[in-house]
Each structure stands twice: as structure tokens, then as C-alpha cells.
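Any read-out appearing in this document is the output of simple, stated calculations on the displayed coordinates, not a laboratory observation. Keep in mind that what you see is a predicted model, and the values were worked out from it rather than measured. So basically every Cβ, Gly included, is an ideal-geometry build from the backbone, and we count neighbours across all protein chains shown.
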Amino acid sequence: MLTPAKETLEDKRHKPDWGLTLGEKLKRSFHRGPKPKHRRQSFVDAEASAPLLARPSTHGSHRNATNPTPTTYTDVFTSQTIINLISYTFLALHSVAYDQVLPVFLNYPPQIPDETNTRLPFKFSGGFGLSSDKIGTIYTCYGIACGIVQFFLFPVLCARFGVLNCFQAASTSNLLQVLIPN
């Protein structure tokens, strides 16, 4: 029998979360074979079960509950917060630019590169001249492949190496692709 997963929201802590329970059932139905002997603890194990807000301490500094100290921008925008925002901005920019430009590039007619239509830093000119049905097939295959990677490969890599190491490896490989010419 499945036990409901732990809820992180204080108001719903003692109520079962059926979405998490269903997710556990689905995960168990796909997982076959022996469990790995050496497993790195996932962020789900500790962080997801931790409360979102720290409990007020009974000792130390006592704040007046009716007149709390206002949060300042320096409290919110710490160096770690700024690094996270910048990283997410570049990830989102890369994702949106790729998703929006690729179909145009695939549909644009091919051209023979010469001095009039090719300028550095780009060493290509024109597109592939594909029809919309072929572009749709490419995006369908891309979506299926991304789903397989996201649901089956990425969780294994994150459990083995950690989320931060996976992010750093992906960011480094993307940076190297940009900096090192072909």
C-alpha cells in the first residue's frame, strides 16, 4: 500500500496530496529491477519536505508581531539571488530564441554563400528550404526526444551527480560551443 507523500504547505501538511501519490505510483510502475546501492540524496528528499518558512524562534531577537520590520531590496537581492536571476535569464533567452528562430531558418530557402550574403561572425547563408509539414515532423520528434530525456534520463543524472553539477555541465558545454569555432 502506498503512503501519501509529505506535504510542504503547513495548512495541508496532514492531508494527503493525491498528485504526489499518483506520481509515486507512476514512478514505481516504470521502475523495474534492483535499487541502486549508492544513491546520492536528491533535493526532493530534504528540500521538498522542509517548511517554506522558518518557524519563529522562542529565544533570540523578539520582533513585535504587529509592527514587523519591512523587507528591503538588499535583503531580497543577495548575490546568490542575482546569480540565479541572471542564469535563468540566459536560459530563458536561449530557449525562446532557439524555439522562435529555428522554424524560420528551416523554412528559409537555401542560398549559395558568397561575399554579398555572408558576413562574419556567421559562416552560413540562407536556410534549409523545408516545408511546414517536414518542420512539424522535426518538432514532433524533438518533443518526443525531450520528453524521454526529461522523464527518464534527467532524473537519473540528477540523482547521480546533483542538479547543480548537471546545470554547470550543460552551461559549460553550451559556452564551449559558442566560444570554440568549428
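Set the Förster distance to 41 Å, then compute FRET efficiency between residue 81 and residue 120 from the Cβ-Cβ distance, nearest 0.05.
The calculated FRET efficiency here is 0.65.
Based on the Cα coordinates of segment 74-130, what is the per residue volume of their convex hull in Å³?
So the per-residue hull volume is 98 Å³.
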